[in-house]
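Colleague: There's a structure below that I have some questions on.
Please treat every number below as a calculation from the coordinates, not as lab data. Being a predicted model, the structure only gives us computed values, none of them experimental. Neighbour counts run over all protein chains shown; Cβ positions are idealised from the backbone, glycine included.
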Amino acid sequence: MRTLLLGGMVLVALLGGAANTAAHPGAQGYPWTPWRPEAARAAPVVQGYATWYGPGFEGNWTYCGDIFHQWGATAASNTLPCGSVVTVTNLENGASITVTITDRGGFGGSTILDLSRGAFAAIADPSEGVIPVWVTPWPPEAARAAPVVTQVEVW
């Protein structure tokens, strides 16, 4: 009886663990970091450079657990928490777009954001590759009330 009970507990642990991680990005080797509102509240306005990414990542899981769409209004940041909403302003032309942080990126030097292709194209010509930007985080209360932009129209 004890062996049957122990075997059942092991089976439940194995199946329960598999069921909880099968659809989770962590199951594919990506770590999972929940959104922390207190970190977004403390984030200051930052100046730096933004690049873009897209074609090779379309449909892949992001660090934050979303599916990446290159024409979405999203960005990757190494410092802002997942789910943060920020306004990115191109310092060369004054154009801005509001994006959600869904991935990790902004690698090297003063590059602070990797914008999705659509978000970058909304504020600059993608052939520029790198642009100087201001990144203004929204307070968590305002971010929760903001409409979610899922696709950027680029003409």
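Colleague: Go through (1) farther than 17 Å from residue 56 by Cβ; (2) in contact with a Phe, Trp or Tyr (Cβ under 8 Å, 6 or more places away or on another chain); (3) surrounded by fewer than 22 Cβ atoms within 10 Å (Cβ to Cβ) and name the single condition residue 86 misses.
Modeller: Unmet condition: (3).
Colleague: Looking only at the stretch 49-67, count how many residues are in a loop (DSSP other than H, G, I, E, B), in contact with a helix residue (DSSP H, G or I) (Cβ under 7 Å, 6 or more places away or on another chain) and crowded, with 20+ Cβ neighbours inside 10 Å. Before you say what the answer is, go through the steps one by one.
Modeller: Restricting attention to the stretch 49-67, the residues satisfying the condition of being in a loop (DSSP other than H, G, I, E, B) are 54, 58-60, 62-66.
Of the ones still in play, those that are also in contact with a helix residue (DSSP H, G or I) (Cβ under 7 Å, 6 or more places away or on another chain) are 54, 65.
Filter once more, so that each one left must be crowded, with 20+ Cβ neighbours inside 10 Å: 54.
Residues flagged as in a loop (DSSP other than H, G, I, E, B), in contact with a helix residue (DSSP H, G or I) (Cβ under 7 Å, 6 or more places away or on another chain) and crowded, with 20+ Cβ neighbours inside 10 Å within the stretch 49-67 amount to 1.
Colleague: If we keep just the residues of the stretch 80-92 that are in a loop (DSSP other than H, G, I, E, B) and more than 11 Å from the chain's Cα centre (by Cα), which is farthest from residue 140 (Cα to Cα)? Let's see the steps before the verdict.
Modeller: Pass one, the stretch 80-92, residues in a loop (DSSP other than H, G, I, E, B): 80-84, 91-92.
Then drop every residue that is not more than 11 Å from the chain's Cα centre (by Cα), which leaves 91-92.
Numbers: 91: 25, 92: 28 Å.
Selected residue: 92.
Colleague: Say whether the condition of being within 13 Å of the chain's Cα centre (by Cα) and in contact (Cβ under 8 Å) with a residue 24 or more places away in the chain is met by at least one residue in the stretch 116-124. Walk me through it before giving the result.
Modeller: Filtering the stretch 116-124 for residues within 13 Å of the chain's Cα centre (by Cα) gives 116, 119.
Subset that is in contact (Cβ under 8 Å) with a residue 24 or more places away in the chain: 116, 119.
So far as the stretch 116-124 goes, yes, one or more of its residues are within 13 Å of the chain's Cα centre (by Cα) and in contact (Cβ under 8 Å) with a residue 24 or more places away in the chain.
Colleague: Inspect all residues belonging to the stretch 96-104 and state whether any of them is of a type in the set (Val, Ile, Thr), touching a residue at least 12 places away in the same chain (Cβ under 8 Å) and part of a loop (DSSP other than H, G, I, E, B). It would help to see each step written out before you state the result.
Modeller: Quick first cut of the stretch 96-104, residues of a type in the set (Val, Ile, Thr) only: 97-102.
Okay, now just the ones that are also touching a residue at least 12 places away in the same chain (Cβ under 8 Å), so 97-102.
Filter once more, so that each one left must be part of a loop (DSSP other than H, G, I, E, B): none.
For the stretch 96-104, residues of a type in the set (Val, Ile, Thr), touching a residue at least 12 places away in the same chain (Cβ under 8 Å) and part of a loop (DSSP other than H, G, I, E, B): absent.
Colleague: Can you spot a residue in the stretch 45-60 that is farther than 20 Å from residue 132 by Cα, under 12 Å from the mean Cα position of the chain (by Cα) and aromatic (Phe, Trp, Tyr)?
Modeller: no
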